[in-house]
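The values are calculated or read from the model by the stated rules, or taken from the named source; none is laboratory data. This is a predicted model, so every value here is computed, not measured. Every residue, glycine as well, gets a Cβ built from its backbone with ideal geometry; the counts of neighbours run over all protein chains shown. When the accessible area is computed, the model is the full protein with side chains, heavy atoms only, and any ligands, DNA or RNA have been set aside. Shrake-Rupley method; radii C 1.70, N 1.55, O 1.52, S 1.80 Å.
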Amino acid sequence: RDPSCASVLRVTPKMGSDVHLTLSAQLHGWWDPLEYAAKCFTVGVLYNYGPTAIELTGGLGRAVMLKMKELGYWNLLADDVDPSAIEAGEPDKLGIDTTTRTKPSMVGALQSLIKRRFITIWDKETILELRAYEQVRTESGLTTQFRGASGSHDDRVMSLAIGAWTTLTFPITAILSGIHKHNQSSAEDKDSDGWGPVKPYKAEQRRPFQ
């Protein structure tokens with residue numbers, strides 16, 4: 001029922017363990033899974049093979065993930081948060097599941113960044129979706145539903161929420177800090193904030209974050 005949406009987030013380390021996110025680009029529209037995967041692959045390559053979290057819930061995400069893997073995209077995030085899978089010694093599963101267990105944490109991560117002004121969003125359509133997003137108690141009162149109000153779309157919101165959650169729960173910040181220090185040692189093509197171009201890892205280093 002919702003369009004597909006991929007958000008490109010620039011993660012800037014701050015003091016301590018804090019980070020600042022900036023919505024740098026967004027892919028949004030109606031495509032079949034294979035066409036969408038090809039577009040996501042292109043965006044990923046343009047943005048230095050950044051770590052990519054693909055939502056599997058709903059079934060279509062698996063087709064997107066398999067196609068990106070087939071195209072050779074190496075930096076797909078693996079879901080390693082399932083305790084039962086870890087205890088059973090199963091390999092990490094590429095992609096991210098949005099469930100009643102993980103969704104509150106995803107929304108909470110985005111809420112935290114917004115309240116602390118640790119995220120910059122320039123896109124008007126994304127801001128409008130955020131304004132219409134709500135959390136509602138179910139009739140039983142035991143659980144909470146997160147959704148777009150009055151049937152409005154929430155694809156942009158969930159794309160941001162997944163990005164915020166993976167940024168705060170996966171070891172991305174430490175790696176970016178190392179890149180930051182590396183770029184500071186070179187005076188070539190510096191941005192105004194001190195960041196230089198992020199160079200892709202060597203081939204033997206290309207693997208999903210664990």
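Estimate the FRET efficiency between S152 and I114 by the formula 1/(1 + (r/R0)^6), using the beta-carbon distance for r and 22 Å for R0, to the nearest 0.05.
0.75
Assuming R0 = 45 Å, what is the FRET efficiency of M15 and A132, from their Cβ-Cβ distance, to the nearest 0.05?
0.85
Calculate, for K69 and D123, the FRET efficiency according to 1/(1 + (r/R0)^6) with r their C-beta to C-beta distance and R0 25 Å; round to the nearest 0.05.
0.30
Using only the heavy atoms of the protein chains and a 1.4 Å probe, how would W165, W31, W122 rank by accessible area, largest first?
Most to least solvent-accessible, the answer reads W122, W31, W165.
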